[in-house]
Amino acid sequence: MTEQSSHPFRTSQLEAADGPGLNPTRNRTMGDIIAARFSRRGFLKGSMAATAISATVSPAALMSARPAAAQAEGSAFDFPEVTAGVDADHHVAEGYDAQVLLRWGDPVFADAPDFDPRNQSPEAQERQFGYNNDFVGFIPLEGSSEHGLLVVNHEYTNEHLMFPGIVSLQSAPEPTVAPDEETAEADEQTATEAELTPAEPAMPEIVVAPADAARANIEMAAHGGTIIEIRKEDGRWVPVLDGARNRRITATTPMEVTGPAAGHPRLQTAADPTGRAVLGTINNCAGGVTPWGTYVMAEENFHGYFIGTLPEGHAEAANYERYGVPDSSYEWGHFHDRFDVSKEPNEPNRFGWVVEVDVDDPQSTPKKRTALGRFKHEGAESIVAPDGRVVFYLGDDERFDYVYKFVTAGTYDPEDRAANMDLLDEGTLYAARFDEGGGVEWLPLVHGEGPLTAENGFESQADVLIETRRAADALGATPMDRPEDIEPNGANGRVYVMLTNNTEREEANSANPRIDNAFGHIVEIAEEGGDFAATRGTWEILVQCGDPSIAEVGATFSTATSENGWFGMPDNCAVDSEGRLWVSTDGNSPAATGRTDGLWAMDVEGAARGTSRLFYRVPIGAEMCGPCPTPDLATFFVAVQHPGDGGEDWDEFGRPSYYEDLSTRWPDFDDDMPVRPAVVAITRQGGGRIGG
Ligand code: FEO
Ligand code: CA
Ligand code: CA
Ligand code: CA
């Protein structure tokens, strides 16, 4: 490969975050309004723009300014709120400690080499904690909340932050007048800005040098997951490096394909004529821990790992187009033929699944459970239904894709772990149709039923699962605003669906009511009769996110939510052992919301419903992942993902961030150390329940 590649903003690319729209002539977007409110440009000339801004403030906001701290009657939470904002460090509520527990490069085994970021190797990385921690699960050992296995997904890698000497800065072209501004003559605010703001020099862009084989192999070893024993000693968590179950899973770990699509010709490759033996798992985003104590890893944006062009007229062309394969964000295909679709056209069908790992046996072969469908799986949280079947909630994170659930055919046996180990191979996958009247129907993806027949190209259940998206299209599932994590709540029988954003929607529906949904929303489902295995239920919107003081945003946080308590872009979430909802975000930034991402506590019951308050916030450039409370609620694990990835829109830095010039060196703040994604353990000073 000789061309230079430029992909510093891999989060945006691979997560289908809101990039430029397809229609250059559309009207002023939410992004323009927000840019005027939060951008450096906006702050600098804030007084001049005051008149225009005030026109956008809602009457409610004018009558009563947001309280400085959330003050909801009947709230399930009681803690001093963190002040929203932006800086190089993380911040937790007063009275709590935030301990950095595991950083990228930390040893997972007693014999792991010391982290040496200037001389990293694939072999070292395979023994060390991986990059970009996302899902975090805690599996208690012997029922303890102070000793257990931490299971952590490593979603992807940011080369410009990981590797020295590979970034060059390239001048951007001179600024030109954006199409929006040309067409916005009737728009006083935009016209005022254009008159008052001198053209700013364009921000230079990061260009990453092409990968060599060693770098590609380090990236592959930094993907996957970590299983590591941890223990609380004298109030502090420590990794147990000689833990017998400790394990790294990577993009090369041998895996078995199981369930209805296992062995299908569409999964067979030159290296694996059985169609049952895959190497590795990639882009593991959120995930879950099953009631029987296995670790499930959701394969999300797998399309980014494939390069090349399918042979002319190949049978998988339409399938791959529906999933955006190949996307060529990674260069592994230059060194490993299986990631080049021109050489190994079936390999992409072997990714996009949910992987189950038996954490008790570090030699066990992880299983790709095809019964749960193939799409850009975000998470896989589960709950036992009244009849003992187990229900997994699954999001497909792409604009206009669907919410799913999987109901096992067999029932969970709490007394016999072995009897549960293949529950995920048989059951029914459903896609959700959200009806305008507030009903939700779960549509079964079963071969031979409805349109899922040979006439429509589905020869078997394997075809239905390999092309889950096309099957759900045919059934008429409701296109959503990027379904992320979904969590069932056993305490109130409801289910919380994080919908992160979508500014390309041209037609609203009542479950996705904003056309220009820059900040996302949360849908709450009540399954019929409180039975999570039910095939219908009702739904309502818990909250529309964004700044409540800007009328056009249409945010619906309760009025008790403070100026620190609102957020945009819900992504991961957790329901704690008392049924309280915690929401973590991906996409808040100086320009978008004037704040970094964080972890927010969200009331869902009574008078306080819809009240949110900020508990923890991440350093500049990071997104907030994980959130995982221990069963005793004395510890909350959170994952700080891609810290330092950005800084252009932060006044204190104001330029691109990369290995040699980072917007933060969290968490070490050592000039010889790069910024490092890390899992943080939050505890209350003096002990006690997190969140009050
Ligand atoms: Fe990896 Fe949809 O977040
Ligand atoms: Ca996510
Ligand atoms: Ca979760
Ligand atoms: Ca994310």
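The values are calculated or read from the model by the stated rules, or taken from the named source; none is laboratory data. Owing to the predicted nature of the structure, the values given are computational and were not obtained by experimental measurement. Note that each Cβ is placed from the backbone with ideal geometry, even for glycine, and that neighbours are counted across all protein chains shown. Heads up: the accessible areas ignore ligands, DNA and RNA and are worked out on the full protein's heavy atoms, side chains in. Shrake-Rupley method; radii C 1.70, N 1.55, O 1.52, S 1.80 Å.
The mean accessible area for residues of region 213-347, using a 1.4 Å probe and ignoring ligands and nucleic acids, is 34 Å² per residue.
Nonpolar atom fraction for region 466-614, defined as the carbon and sulfur part of the 1.4 Å probe accessible area, stands at 46 percent. The modelled label-to-label distance for the pair ALA270/ASN119, using points 7 Å beyond Cα in the direction of Cβ, is 3.7 nm. Taking 7 Å steps out from each Cα toward its Cβ at ASP531 and ALA209 produces label points 6.3 nm apart.
Here the extension length gained between ASP78 and ALA409 equals 115.0 nm, from 0.36 nm per residue of separation less the Cα-Cα distance. Extension gain for the segment GLN170 to GLU256, taken as residue separation times 0.36 nm less the Cα-Cα distance, is 26.6 nm to one decimal. Database remark: amide H of ASP340 closer than 5 angstrom to the amide H of ILE307 (H placed geometrically; neighbours at sequence offset of 5 or more, or on other chains; Pro and chain starts carry no H). Backbone phi angles across region 159-166, fed through the Karplus curve with coefficients 6.51, -1.76 and 1.60 (θ = phi - 60°), yield HN-Hα couplings of 4, 5, 9, 8, 10, x, x, 10 Hz in residue order; Gly and Pro are listed as x. Note on ALA202/GLU426: beta-carbon distance plugged into 1/(1 + (r/R0)^6) with R0 of 60 Å gives a FRET efficiency of 0.60. The largest-to-smallest principal axis extents of the Cα set in region 342-448 are 48, 48, 27 Å. In terms of its Cα atoms, region 238-359 spans 53, 31, 25 Å along the principal axes, sorted from long to short. Shown is the FRET efficiency for GLU312 and GLU436, computed with R0 = 60 Å from the Cβ-Cβ distance and rounded to the nearest 0.05: 0.85.
For LYS376, a cut-off of 24 angstrom between C-alpha atoms picks up these lysines, skipping any fewer than 8 places away in its own chain: LYS343, LYS367, LYS368, LYS405. The gain in end-to-end length when the ARG689 to THR559 segment is fully stretched comes to 44.2 nm, 0.36 nm per residue minus the alpha carbon separation. If R0 is taken as 51 Å, the Cβ-Cβ distance between GLU506 and ARG127 corresponds to a FRET efficiency of 0.55.
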